Structure formats: structure tokens, C-alpha cells
1. Asn168 is checked against (1) open to solvent by less than 50 Å² (accessible area, probe 1.4 Å); (2) within 16 Å of the chain's Cα centre (by Cα) and fails just one. What number does that condition carry?
2. Regarding the stretch 65-85, can at least one residue be identified that is away from ligand 2 (no atom under 16 Å from the Cβ) and in contact with a helix residue (DSSP H, G or I) (Cβ under 6 Å, 6 or more places away or on another chain)?
3. Of the conditions (1) without any contact (Cβ under 8 Å) to a residue 24 or more places away in the chain; (2) more than 16 Å from the chain's Cα centre (by Cα), Gly106 satisfies every one except a single condition; which number is it?
4. Take the residues in the stretch 94-117 that are small (Gly, Ala, Ser) and open to solvent by 10 Å² or more (accessible area, probe 1.4 Å); name whichever of them is farthest from Pro224 (Cα to Cα).
5. Inspect the stretch 260-275 for any residue being touching a residue at least 60 places away in the same chain (Cβ under 8 Å), of a type outside the set (Asp, Glu) and not assigned by TED's automatic domain parsing to the domain that holds Ala120 and give the result as yes or no.
6. Do we have Trp82 as open to solvent by 30 Å² or more (accessible area, probe 1.4 Å) and in contact (Cβ under 8 Å) with a residue 12 or more places away in the chain here?
7. So which residues in the stretch 33-58 are under 22 Å from Thr301 (Cβ atoms) and within 16 Å of ligand 2 (Cβ to nearest atom)?
8. Given (1) within 13 Å of ligand 1 (Cβ to nearest atom); (2) open to solvent by 20 Å² or more (accessible area, probe 1.4 Å), where does Ala178 come up short, assuming only one miss?
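The values are calculated or read from the model by the stated rules, or taken from the named source; none is laboratory data. From a predicted model like this one, the values you see are computed outputs, not experimental measurements. Here the Cβ is made from the backbone with ideal geometry for all residues, glycine too, and neighbour counts use every protein chain on show. Surface accessibility is based on the protein's heavy atoms, side chains included, excluding ligands, DNA and RNA. Shrake-Rupley method; radii C 1.70, N 1.55, O 1.52, S 1.80 Å.
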Amino acid sequence: MNIYKNSLKNFNTFGIDVTAFKIIKITNINKLYYICKKYYYKSLPYIILGGGSNVLFLNHFKGIVIINRLKGININESKNCWNLHVYSGEYWHQFVKYTIKKGIFGLENLALIPGCVGSALIQNIGAYGVSLKNFCKYVDIMNLSNKKITRLSSKECNLQYRNSIFKNFYMHNYIIIALGMTISKKWKPNISYKDLNHLNLNTVTPHEIFNYICKIRKKKIPNPKIYGNAGSFFKNPLVSLKLGVKLLKTFPNIPYVIKNNIFKFSAAWLIDQCDLKGYIKGGAMIYFKHSLIIINKYKATSKDILYIAIKIYNSVGNKFGIWLEPEVRLIGSIGEINPSNIFTHNY
Ligand code: FAD
Ligand code: EPU
């Protein structure tokens, strides 16, 4: 096996010590196109990364890892809203801070999510009752085989819970270049999430929500610089009304939300019922403060992490008949691996 010397350890928040044939940071679109074309003709695989906060590298990567650093933020104002055009390599949390400093309010619930603006759209990032879908107006994408740039409307992106068209139709051969967002000038606090319920709707400020969310996130979610992780490893399962009602009869304490007759159950709770909190394999562990997060406690390999993920998948599946779907993207030696090849129940 070829082991390359370019380490990916600092380019994935799990801190997995694998290598790539080449790692290239890009700051402009022409260079990006040139690189993709060059390696395309050499038949080398490539993958684009923002912050590497939603990937698990399973092996050394035999191709080019492109680190997207396309930067720039343009703001236009209309009577009722702010229109922002943001390049995909901007860091999400820095961008949220920037808007708040400029007096543009609305993104505060999405504070402290790692990664870049472009990748944020791919799984329609969400937290504390808000998702990127609430603000996205359009996205500019480039077809890497012919350099053609296309603008898709938010509707065309089919943004759903941790899902979008970029996980299927536009998954290969396209890079997200920039995002267009519209933010209303009439700010309304969103304190619907239970952790925020105690805040006073009439007096709370965007800065207070921003600070409070940063505080609770720091309490619950491990800092990847201390314990490598990729946030929630699995998505919370979406369950039909019929099955949800049946499960609640047997397990009345499952935390859930219900929307449009679909239950969203807490995956962390399901994992806890399998007595897995704190479970260790090699250098990896199920985080003791949050069971949906697998951490790299000490020099974990991707095998350790995957072992735990499969253990969770089988335990929850066998106990509840719910087969969890990974949120984290699994990257093999020549590209992304379909999770159904690893988590072997059909979901
Ligand atoms: P990466 O991991 O770099 O890439 C993810 C995928 O997108 C890869 O398949 C990659 O090839 C592809 N990709 C990246 N950039 C581009 C591009 N420009 N064009 C095309 N494809 C591209 N997520 C939430 O939704 N809510 C949370 O509250 C949350 N909390 C988190 C907390 C922690 C501590 C961590 C580590 C993660 C958390 N996440 C959360 C998950 C993660 O931060 C988000 O999914 C984030 O948007 C990933 O961004 P990234 O730039 O790191 O993507
Ligand atoms: N809970 C447990 N055990 C735990 C942790 C939580 O039983 O170890 C239960 C509690 O009842 C708690 C409930 O689960 O009230 C929900 O927990 P939390 O508020 O932490 O939210 P979550 O559903 O586990 C989701 C997102 C997070 C996002 C938070 C806040 C997914 C997969 N995860 O987690 O996103 O930050 O809500 O909105 O939807 C991510 O996607 O990487 C991520 C971190």
C-alpha cells in the first residue's frame, strides 16, 4: 500500500492521522478548476473539504484533498432585508459573528457550528430551532468538468433535516462556490427550543441568545481541539406516525418532536437505553456528556470509531427496531463510501 506523507490530521476534526497523496488549499475559482482538470486527466480521485468537521477518513486517501478557502462577503440592503452573498470557504462561526457585529440578526441560534459556509448547506445545518434553510436564497455551484457556474434557488436545493440535493444529484463533480442569504430586518427571537424556553421573549437580545448558545454548546459538546469529534455521529431518526405511536406506548419517555405527522426521536436517548454512554473501544469513546457524539479520546483510529458506530447502530436497531442513519460522511481511499455498505441493515 502507498502511504503518502501529507497528513490529514489537522484537516479533520476527528483528528484521524491518515494521509493524502496531495493536499491543496485553494483561494480562487480559476485555480480550483485548473487543479481539478489537471488531476481529472491523471485519473486521480479528489475530495473537497471545508473544515473537515463532518467526515471520517477510513483509510489513507489516494488522491487530492482540496481545502476550500474561497473567501468574501458582499452585503446589500433593501427596505426590509439584508441580502448577503458569501463565498463558500468562509468559516461559518466567524461569519455568524461578523453578521451580529454588523447589526444583522437572525443567525445567532446557529453559533459555534464548526466548518465552512458552503458545506453548511450540504446538510442544511441546524441547531436550537433554526436551520440554514430559513435564510438561504440561492447557491452558486461550479461543474468541475466544464467550469460552468449555475445558480440554484433554495427550493431547488431541496433543503431538509440534515439533507439536500448535494447529497444525491449534485454530490459528485460539483463544488459549492457561494451562498446567497436573505435576512429580515425585523428580528424576532427564536427561543422555541427547550433549552432556550426560560429566556424572556420580550426582552432578550440577539447578543444574549448568541452568548447563551455558545455557553450551552461548550458545556454539552466537546471541543474538537481537546477531544476529536464530528458532532452528532448519527441523525435523529424520523419515524412515521404509526410506528412512533406504537413505540411511545412501549417507551413513553422517548424525547421527541412531531411535525407534519412525522416523529423525530432523540437518538442520544435511544443510545442511552442501550447502556452505551462512556463505551470505549481502543482510543475512541461515546462521550460521557452526550451519547450521540463519538470522541477521539486518545490516538483513536477510524477503525475504533467505526466499531463504536456499528455497535450503536446494531444495539439501537435490535432494541427499538430503529436503524440510525449516519450524519458523518465516510471517506474511503478513493472517495466517499455509501453508509449502507457498512451499516448493513436496509434503511
Ligand atoms: P466538511 O466536513 O469539510 O465536508 C463535509 C462534506 O461536504 C464532505 O463530503 C465534503 O466533500 C463536502 N464539501 C465540503 N465543502 C464543499 C463544497 N464547497 N462543495 C461541495 N462539497 C463540499 N452540524 C449541524 O447541523 N448542527 C450542529 O449543531 C453541529 N454541531 C457540531 C459540533 C461539532 C463540535 C462538530 C465537530 C460538528 C458539528 N456539526 C453540526 C457538523 C458539521 O459542523 C457541519 O456539518 C458542517 O456544516 C460541516 O462543515 P465542514 O466545512 O467542516 O464540512
Ligand atoms: N439526551 C439523552 N442523552 C444524552 C444527550 C441528550 O438522552 O446523552 C436527550 C435529552 O433528553 C435531550 C435530548 O436528547 O433533551 C436532545 O438533546 P440535545 O438538545 O443535545 O439535541 P440532540 O437532538 O441530541 C441535535 C443536533 C445537534 C444540535 C442540537 C441542538 C442532530 C443529529 N443533532 O442534537 O447537532 O446542535 O440538536 O439543536 O440533529 C450535529 O448535527 O452534529 C449536532 C451537534
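1. Only one criterion in (1) open to solvent by less than 50 Å² (accessible area, probe 1.4 Å); (2) within 16 Å of the chain's Cα centre (by Cα) is unmet by Asn168, namely (1).
2. No, because not a single residue in the stretch 65-85 is away from ligand 2 (no atom under 16 Å from the Cβ) and in contact with a helix residue (DSSP H, G or I) (Cβ under 6 Å, 6 or more places away or on another chain).
3. (1)
4. Among those that are small (Gly, Ala, Ser) and open to solvent by 10 Å² or more (accessible area, probe 1.4 Å), it is Gly103.
5. yes
6. Yes: the conditions hold for Trp82.
7. The answer is Gly51, Gly52, Ser53, Asn54, Val55, Leu56.
8. The one condition Ala178 does not meet is (2).
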